[in-house]
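Everything below concerns the one structure shown next.
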Amino acid sequence: MAYEKIMDKKPQRVGTELGRDESQNYIIAIDEEKIYSISFVAYYVWTLCDGTQTVRELVDRISKELNAPVDELKEPVSLILEKLSEVGLVKFI
């Protein structure tokens, strides 16, 4: 999923955080049968997906919080959102 194709979409997180596993990944459940273990970075992006901010705004926010260039974050954030979307942890509205 290219940044340019999703930059104006608003990602909305889906699921409930259940805690952390033994490897310190975050456990997120969509329902009783769909439970995922995601890394801290994916979890961080997932928590920002409140359905009110566009992907562009998320990348800008992450850039400011991490003091990192926007251009260096576009591809990684888009990839994380793509993977979260593929398993149903994020939907675009």
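The values are calculated or read from the model by the stated rules, or taken from the named source; none is laboratory data. Please read all numbers here as calculations on a predicted model, not as lab measurements. Cβ atoms come from the backbone with ideal geometry, glycine included; neighbour counts cover every protein chain shown. Surface accessibility is based on the protein's heavy atoms, side chains included, excluding ligands, DNA and RNA. Shrake-Rupley method; radii C 1.70, N 1.55, O 1.52, S 1.80 Å.
A few points about this structure:
- Ratio of Rg to Rh for the chain: 0.97 [Cα atoms; Kirkwood radius as inverse mean 1/r over pairs].
- 13 Å Cα-Cα reach of Lys83 towards aspartates and glutamates, excluding residues that sit fewer than 8 places from it in its own chain: Glu75
- Positive-end extreme of charge dipole, the chain - chosen from Ile35, Leu79, Ala2 (charges on Cβ): Ala2
- A run of the chain free of exposed loop cleavage sites, with GluC sites (Glu not before Pro) counted only in DSSP states other than H, G, I, E and B and at most 15 other beta carbons within 10 Å, reaches its longest extent at 34-93.
- Phi to ³J(HN,Hα) by Karplus 6.51 cos²θ - 1.76 cosθ + 1.60 over the stretch 31-38, Hz, x for Gly, Pro: 7, 5, 9, 10, 10, 10, 10, 10
- Heavy-atom surface of the stretch 26-74, accessible at 1.4 Å and reported per residue (Å²): 59 Å²
- Relative contact order for the chain: 39 percent, from Cα pairs under 8 Å spaced at least 6 residues apart, divided by residue count.
- Carbon/sulfur fraction of accessible area - the stretch 36-93, other protein chains in place, 1.4 Å, %: 55 percent
- For the stretch 19-27, 3J(HN,Hα) per residue [Karplus equation, 6.51 cos²θ - 1.76 cosθ + 1.60, θ = phi - 60°, Hz, x = Gly/Pro]: x, 10, 9, 5, 9, 6, 7, 8, 9
- The Cβ shell under 13 Å around Glu57 holds other residues with a net charge of +2, Lys and Arg each +1, Asp and Glu each -1.
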